[in-house]
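Written below as C-alpha cells is the structure these notes are about.
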Amino acid sequence: MEIASKYNPSEVEDKWYAYWMKHNLFHSEPDEREPYTIVIPPPNVTGILHMGHMLNNTIQDILVRRARMQGKNACWVPGTDHASIATEAKVVNKLAKDGIKKNDLTRTEFLEHAWEWTHKHGGIILEQLKKLGASCDWDRTCFTMDEKRSESVIKVFVDLYNKGLIYRGVRMVNWDPQALTALSDEEVVHKEHQGKLYYLRYKIEGEDGYAIVATTRPETIMGDTAMCINPNDPKNQHLKGKRVIVPLINRVIPVIEDDYVDIEFGTGCLKVTPAHDVNDYALGQKYNLPSIDIFNDNGTLNDNGAQYAGIDRFEVRKQIEKDLADAGLLDKVEAYANKVGFSERTDVPIEPKLSTQWFLKMENLSRPALDAVMNDTIQFVPEKFKNTYRHWMENIRDWNISRQLWWGHQIPAYYLPDGKLVVAESAEKALEEAQKLNPSLKAEDLRQDEDCLDTWFSSWLWPISVFDGINHPENKDIQYYYPTNDLVTGPDIIFFWVARMIVSGYEYRGEACFKNVYFTGIVRDKLGRKMSKQLGNSPDPIELMEKYGADGVRMGLLLTAPAGNDIPFDDALCEQGRNFNNKIWNAFRLVKGWEVADIEQPETAKIAINWFDSILAKTVAEMEDLFSKYRLSEALMMVYKLFWDEFSSWYLELVKPAYQQPIDRATYEATLSYFDALLRLLHPFMPFITEELWQALKERGEGESIMVTLQPQVKAYDGKLLGDFEVVKEIIAGVRTVRMQKNIPNKDELQMHVLGVHDDALDAAIAKMCNLSAIEKATEKQPGDVSFRVGTIEFAIPLNEKLDVEAELQKMEAELVYQEGFLNSVVKKLSNERFVQNAKPEIVENERKKQADAESKIATLRESIEALKAQK
C-alpha cells in the first residue's frame, strides 16, 4: 500500500468509516463472549453537534473501541430523544413563520407538522457523530418516540398507576409562560436577579394607620388573601387580630400569625398570595385561605387582575408602581438582588401556579437507587458526585410527569362523561375498562387526557427500552446486554436522568442499569466561560474536524479532560493533536522507507529492542491501571509520550541505519511489530490514522481491521534495564550539552573518559547517539577536558585541539566572577545571626547547600582555568 507524503485526514476518515460500515464492524449480536455495553445519552432529535457532545461521545468511543480490542462483545447503542419542549417550540415557531397558529390546528394536524419537522431535521446529529468516528451499532438506533419505546412508556405508566404510584392532583407547579407547560423542579434554573423591593402600604381596617409590606412582586397583590406576621415580632404586636385593606383593589384580608415569617426581612409583614407562591400556598393550606389565580397561562393577568387584565405581568409591575405611588400607597422602593427561577428550556422567569397535574410518588421507588450508589454497586467517577446525588435522593419530591404539550407521549388516561377516569394502554382497552363501570358507553364517549408525559419519563427507561426489555422482559438482547457497563454523561443531568434511570432499573429489572457512571466536565473557553450559542464562543465541531482532522480534535479534547473537571478548550490543543498525527505519519514513512538486508544485527539495535520491549510492557501495564480508574487523559498522555519521546526520539534514533545503508531484517521486523503495538494502543483514541497505517504495515485481507485486533497484553518487564537506560539518557544529554556549549558539530567524533565505576553494557547506545569513537575508563581528568556528572560518576570529554583556548578562558573567568559574587551574597546572608535564628530550618539548610554548590563550582572553574593556562 503506497503511503502518501502528507497525511490527509478527510480522505482517510471517509474511506475507513465507509469500510467499517461496509463490513458491519460496529454491529453486535449476543454470543459466548463477555458483553460490554454503553447506551448513548440520546441527544435532541433535531439538535446539532456541539463541543459537549464531542467530548462525551469521544470518551464513549474510546471506551467502546478499547473493550472491542479486549475481545469483548462491544455494543454501543445510539439514538435520539424527542425533546418535547424544545421540539414543540421549534415547530410552533416554524408554523408562526408560515402564518399558522398552533391553536388553529387540531392535535392530529399539529403532530403531522411535528413529525414532518422531525423527519426533515432529525438524525443530523447522528450523521455528524460518524464524522467523529463514533463506532455505534447503527442497526440498533432508537428514538424515544418510535413504536417500541412509545409502547414501553405507556406500559410503564399504566403499571405504575395500577400500583398506586401515579396520581392526579392540584399542586403548586413551576409554570413556563412561554412553553405553556408545567416544569419539574429540576428544569428550573435559579439565577441572581437585580430587581427592586417595593414597600406597600396596607391600610389597617377601622384605623388611620398602615401596615407596610415589602415585596419583590407588587403585581400579585390582586391575589392577596391574607397578611401574615410572626407572633414573636415585637414591632407588629399592634396588628394581631386586625384586618387590612389590599392597596388599589380595596379587598379586606385578615392578619394571621405564623412563625414562618422572617422578623428581619422588610418590615416583618408578609403578603400571602396562595395561588402564586409555594410558601404562601403552604400557609393557605394551613389556615384555610382562599386562593385567587390572577394569571393566564401566557403570563398576562386574567379577569382577577382587575384593571390590569390582559396585560403582561412585567408590564403590570411597571404600571402598578406608578399607580401605587399616585395613590400614596407606595412607601419606598429599594434596589434588591434575589434568586429568580428561570425555565431551563425557554429562559423566561417561571410562574408558580396551582395546576392539576400527574405525579409519580418517588419516596419508596428511590430507596434502592440511593443505596446502590452509596454502597458502590454503581460507582460514580469522580466520587465527589455521590454527595450531590445523596442530598437530592434523600430530599426527593414527587415527580410532576405531565406536560401541557402535544409533542410527546399522550397520557393514557381516559375520562368518562361522569368525570371518572380509566387508565389503559390503548383506546380499545380503555373502552373495555370503562364498560365495566358503564356497559352502555361507546368509544366516542371517552376523552383522552390532553397532556403528554415529561420527556424524561421516556428516557428514564433508556437502558431497558433500547433492548425492548419492558415489552419483552425475557428477550435475548436484554438478558445478554443488561445491565450496561458504563454511562458517560454530564453532572448537570444527574437528577433529570441518571437518578431516574437507576430508579427504573431497580423497579423493572431488580438490578442496577449500569455499573459505572463517568461524569464529564463542562467544556469552557480560554476565559473560563461555558461555551454557548449566546456568547458565540463555541467553535463549530464539524469545522474543527475539517481543519485538524477528527483524530486531532479527539486528542485535543482529551488532553485536558479529567473526569468531572471542566475542560479549558483551546484550538491549540487540536493543533497539538494534528501535529501528533503528522509525527506518527512521518515516523511510519521513515521506517517503511528503509532498505532491508540480511545482515548482522548491530549491538545498538539489540540494546534498543530489549529496552523498548520493557518500556512498552511497562506502559501497557500503567495504561491498564489508568483505564481501570477512568483516567483517560492520563492514559492518552502516556501513550503520546511513549510514541513521541521513547519510540521516535530514542528507539528510532538508536536503530536507524547510517545514511544510504540498509537495516538488518531482525531489527526491521521488531520495529514493525512495535509500530503495530503502538497503533493498537493508540487506536481507541485516534481510530482513523491508526487504521490507515495498520493496513499499510503489511498485506491485509478484505474485512480485516485494527479495531477487532487485540490490545497489547500486560507482561513482565525488566525494571533494572529501564533504570539503567534512564542513566544512559542523562549521559547522552551531558555529551550533547558539551557539544552545544562548545559549538562542536554532531558530525565531529569525540571520545569520552569515565572517572568512576560505570556499567558498560549499554555503551554501544551512548557511542552511537553521541558519535563517540571511544568510551574509556580514566583515573583522573586531563587538562582541556570538559566534564559533567551523572549521579556520582564524572564523565570527561577531551577537547584538546577542538577548543578555542582564549575564548574558553574568557568564558570561564566570567563565570568565576559570577560564582564568586553569588557565593559572597550567600555567605553574607548566613553570617547574619538574625536570619539564621529566625528563618525556617529548611530555608537555612537550602542556603548552606547553595554555599557548598558555589564553592564546588568555583574550585572546578579555578582548576580548569589553571589547566587551560598551562596549555597556552
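Values for this structure:
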read-out	value
Region 534-601: C-alpha pair distances exceeding 16 Å, %	59 percent
Using a Förster distance of 56 Å, the FRET efficiency for Glu543-Gln237 (Cβ separation, nearest 0.05)	0.20
Intensity falloff of region 7-129 expressed as log10 I(q)/I(0), Debye formula with alpha-carbon point scatterers, at q = 0.11, 0.14, 0.17, 0.18 Å⁻¹	-0.55, -0.77, -0.96, -1.02
Karplus 3J(HN,Hα) series, Hz, for region 241-253 with 6.51 cos²θ - 1.76 cosθ + 1.60 (x for Gly, Pro)	x, 8, 10, 10, 10, 5, x, 6, 9, 6, 7, 8, 10
Centroid-to-centroid separation of region 794-848 and region 312-356 [C-alpha atoms, Å]	73 Å
Cβ-defined net charge surrounding Phe342, 12 Å radius [Lys, Arg +1; Asp, Glu -1]	-3
Two-site label geometry, Arg789 and His27: point separation in nm, points 7 Å out along Cα→Cβ	6.8 nm
Dipole magnitude (debye, nearest 20) for region 1-90, charges at Cβ of Lys, Arg, Asp, Glu	180 debye
Packing-based ranking, highest mean first, of 349-357, 10-18, 83-91 given that Cβ atoms within 10 Å are counted	83-91, 349-357, 10-18
Cα point-scatterer Debye curve for region 614-681, base-10 log of I(q)/I(0) at q = 0.16, 0.24 Å⁻¹	-0.59, -1.06
Region 147-301, Rg to Rh (Cα coordinates; Rh as Kirkwood inverse mean 1/r)	1.10
Full-extension gain in nm, Glu730 to Asp418, via 0.36 nm per residue minus C-alpha separation	103.2 nm
Between region 491-548 and region 35-109, the Cα center-to-center distance that results, in Å	12 Å
Size of charge dipole - region 503-590 - debye, nearest 20, with Cβ of Lys, Arg +1 and Asp, Glu -1, no other charges	140 debye
Region 536-663: translational diffusion in µm²/s, Stokes-Einstein, Kirkwood Rh over Cα pairs, 10 °C, 1.306 mPa s	94 µm²/s
Dimensions in Å of region 354-416 - Rg and Dmax from alpha carbons	16.1, 51
Under 20 Å from Lys240, Cα to Cα: lysines that are on another chain or at least 8 residues apart	Lys203, Lys271, Lys286
Estimated 222 nm signal from helices in the chain, with DSSP H stretches of n ≥ 4 weighted -39500 (n - 2.57), rounded to 500	-13500 deg cm²/dmol
Mean separation of Cα contacts under 8 Å (6+ apart) over length of the chain, as relative contact order %	12 percent
Linear extension gain, Thr108 paired with Ser773, 0.36 nm per residue minus alpha-carbon span	230.5 nm
Partner aspartates and glutamates for Lys386 [C-alpha distance under 15 Å; skip if fewer than 8 residues away on the same chain]	Asp371, Asp376, Glu394, Asp492
Protein accessible area in region 146-233, 1.4 Å probe - carbon and sulfur %	46 percent
Rounded, prolate or oblate (a/c below 1.5 giving rounded, otherwise prolate when a/b exceeds b/c) for region 291-378 by Cα gyration tensor	prolate
Selected from Val39, Gly784, Gly206, residue furthest toward positive end of dipole (the chain; charges at beta carbon)	Gly206
Angle between the chain longest axis and helix 84-97 axis [Cα atoms, degrees, rounded to 10]	70 degrees
J(HN,Hα) series, region 568-585, from Karplus relation 6.51 cos²θ - 1.76 cosθ + 1.60, nearest Hz, glycine and proline x	x, 8, 8, 3, 4, 5, 5, 5, 4, x, 5, 4, 5, 4, 5, 4, 4, 4
Option label - Cα extents along the principal axes in Å computed here, alternatives (1) 117, 78, 50; (2) 114, 67, 52; (3) 87, 64, 62	(1)
Under-5 Å amide H pairs with Gly195, H placed in peptide plane, nonlocal only	Tyr336, Ala337, Asn338
Cβ-derived FRET efficiency at R0 22 Å, Asp146 paired with Lys384, nearest 0.05	0.05
Rounded FRET efficiency, nearest 0.05, which uses the C-beta distance separating Val189 from Asp645 and R0 of 56 Å	0.75
Spin-label model distance (nm) - Asn395 vs Glu815, 7 Å beyond Cα toward Cβ	6.6 nm
Proximal charge balance of Leu324 [Cβ under 14 Å; K/R count +1, D/E count -1]	+3
Alpha-carbon Rg with Dmax, taken over region 157-239, Å	20.1, 62
Mean Cβ neighbour count within 10 Å, used as a protection proxy, ranking 168-179, 727-738 highest first	168-179, 727-738
Between region 611-664 and region 228-272, the Cα center-to-center distance that results, in Å	75 Å
Nearest-20 debye value, the chain charge dipole, Cβ charges on Lys, Arg, Asp, Glu	1220 debye
Candidate lysines - alpha carbon under 22 Å from Lys720, same-chain residues fewer than 8 apart omitted	Lys606, Lys618, Lys641, Lys729, Lys768
Where GluC sites (Glu not before Pro) fall in DSSP loop in region 588-688, at most 14 other Cβ within 10 Å	Glu595, Glu600
Residue among Ala852, Ala335, Phe580 farthest towards the positive dipole end of the chain, charges placed on Cβ	Ala335
Taking region 735-872 and dividing mean pair separation by its residue count, relative contact order in percent (alpha carbons under 8 Å, at least six apart)	23 percent
As computed over region 403-515, the Cα convex hull volume per residue (Å³)	132 Å³
Globularity index of region 765-862, i.e. its alpha-carbon radius of gyration over 2.2 N^0.38 Å	1.46
Per-residue HN-Hα couplings for region 516-522 [Karplus 6.51, -1.76, 1.60; θ = phi - 60°; Hz; x = Gly/Pro]	9, 10, 9, 8, 7, x, 8
Cα gyration tensor of region 449-575 - equivalent ellipsoid semi-axes, whole Å, descending	35, 18, 14
Approximate spin-label separation Glu603-Asp804, in nm, with each point projected 7 Å along Cα-to-Cβ	3.6 nm
Anisotropy class of region 615-736 from Cα gyration tensor, a/c 1.5 cut	oblate
Using alpha-carbon coordinates, inclination of helix 841-871 to the longest axis of the chain, degrees	30 degrees
Packing rank of 701-714, 431-444, where each peptide gets the mean count of other beta carbons within 10 Å, highest leading	701-714, 431-444
Calculated P(r) of region 649-718 - Cα pairs past 14 Å, %	67 percent
Principal axis dimensions, largest first and in whole angstrom, of region 98-167 by Cα	46, 40, 16
Anisotropy class of region 710-845 from Cα gyration tensor, a/c 1.5 cut	oblate
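The values are calculated or read from the model by the stated rules, or taken from the named source; none is laboratory data. These figures come from a predicted structure and were not determined experimentally. Every residue, glycine among them, receives a Cβ derived from its backbone with ideal geometry; neighbour counts consider all protein chains shown. Quick note on the areas: whole protein, heavy atoms, side chains included, nothing else; ligands and nucleic acids left out. Shrake-Rupley method; radii C 1.70, N 1.55, O 1.52, S 1.80 Å.
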